[in-house]
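Comments concern the structure below.
Taken together, the values in this text are just the output of simple stated rules run on the coordinates, not laboratory data. From a predicted model like this one, the values you see are computed outputs, not experimental measurements. Note that we place each Cβ from the backbone using ideal geometry, even for glycine, and neighbour counts take in every protein chain shown.
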Amino acid sequence: MKNVYREASALISESEYAIALTGAGISAESGLDTFRGGGGLWEKFKPEEYATISAFRQNPKKCWDLFFAIGDIIDKAKPNLAHEVLAEWETKGLIKSVITQNVDSLHQRAGSKNVVEFHGSHAKLHCISCGYEMDSPSFETIKEIPNCKCGNVLKPAVVLFGEAIPHTALIASERETSRCDCLLVIGTSAQVAPASFIPFTVMSNGGKIIEINPEATPVSNISSLVIRGSSSEALPGINSYIRREN
Ligand code: OAD
Ligand code: ZN
């Protein structure tokens, strides 16, 4: 019988520049809701009402309902086995970096160093008017919606719909993607551009793709290997073979 963990281990070990692209699914078992699907965040908070830059400009207080909901969960969340395995692989040189669409800092808290935060970070607050930035306090302790010194409402430094991807993240992800010969696509529905283009760029450069996701996505069709399961099971499963070989 085909052993997908052993096959994934071989693909990663044979590659020269493996990287991971992660999405909300990798943090699901740390207690964070995914965005799409039943029970997802976008069911409770319609993105057009809570998560666009024009909604924030018109009614920042309403958008803060979403930011508080996400911030509270992030404050309590801990990295899971999947985050930990990726950090271990980076230390061993088996993967070079993680491009994440997540804003929860869980990769860094697990020990990953080379993390590209494609959609920004909840760990900082940002002023869209004057550019001021500060570390986010614990969301539980925020009693009032925070204002900037310039009078504008601050917002977590996350990318809302209608906002550009941060320049540094875009440049870093292009650099990593152009070098990549093996891409692990973990826990993303691969529906939001431009992050969703990354697997297709790697494929057209001749790189191999390993998808880890309980459900099919547009990336499944272009993957060399598909592991239909949760990331906190699959990554330790692959790691058990990597440890035997290295
Ligand atoms: P989605 O909510 O769109 O997709 C989550 C994916 O994780 C789905 O494909 C699930 O099947 C999968 N999944 C669920 N549980 C899992 C588990 N235990 N292990 C592995 N996979 C699991 O989240 P993203 O693809 O990250 O952007 O969404 C991308 C972007 O859309 C987000 O960064 C956010 C959102 O709108 C912005 O807000 C700009
Ligand atoms: Zn300001």
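Label-to-label distance, Glu133 versus Ser224, with points set 7 angstrom from Cα along the beta-carbon direction: 3.6 nm. Just to be sure I understand: with springs between alpha-carbon atoms less than 10 Å apart, which residue in Gly111, Gly151, Gly25 has the highest mean-square fluctuation in the Gaussian network model of the chain? Between Gly111, Gly151, Gly25, it is Gly151 that shows the largest mean-square fluctuation.
A cysteine counts as unpartnered when no other cysteine's C-beta lies under 4.7 Å of its own; in the chain this applies to Cys63, Cys180, Cys182. Using the Cβ-Cβ distance between Glu233 and Arg6 with R0 set to 22 Å, the FRET efficiency works out to roughly 0.90. Among Ser173, Ser196, Ser138, the largest mean-square fluctuation in a Gaussian network model of the chain, built with springs joining Cα atoms closer than 10 Å, belongs to Ser138. What the Cβ-Cβ distance of Phe161 and Glu16 gives, at R0 = 25 Å and to the nearest 0.05, is a FRET efficiency of 0.10. Excluding same-chain neighbours fewer than eight residues apart, the lysines reachable from Lys124 by a Cα-Cα span under 22 Å are Lys61, Lys62, Lys76, Lys78, Lys113, Lys143, Lys149, Lys155. Residue by residue, region 64-75 carries 3J(HN,Hα) couplings of 5, 4, 5, 4, 5, 4, 5, x, 4, 5, 4, 3 Hz when phi is fed to the Karplus relation 6.51 cos²θ - 1.76 cosθ + 1.60 (θ = phi - 60°); x denotes Gly or Pro.
For Lys78 and Glu245, the difference between the fully extended length at 0.36 nm per residue and the C-alpha to C-alpha distance is 57.2 nm. Between region 1-77 and region 130-203, how many Å separate their Cα centres? Between the Cα centres of region 1-77 and region 130-203 lies a distance of 11 Å.
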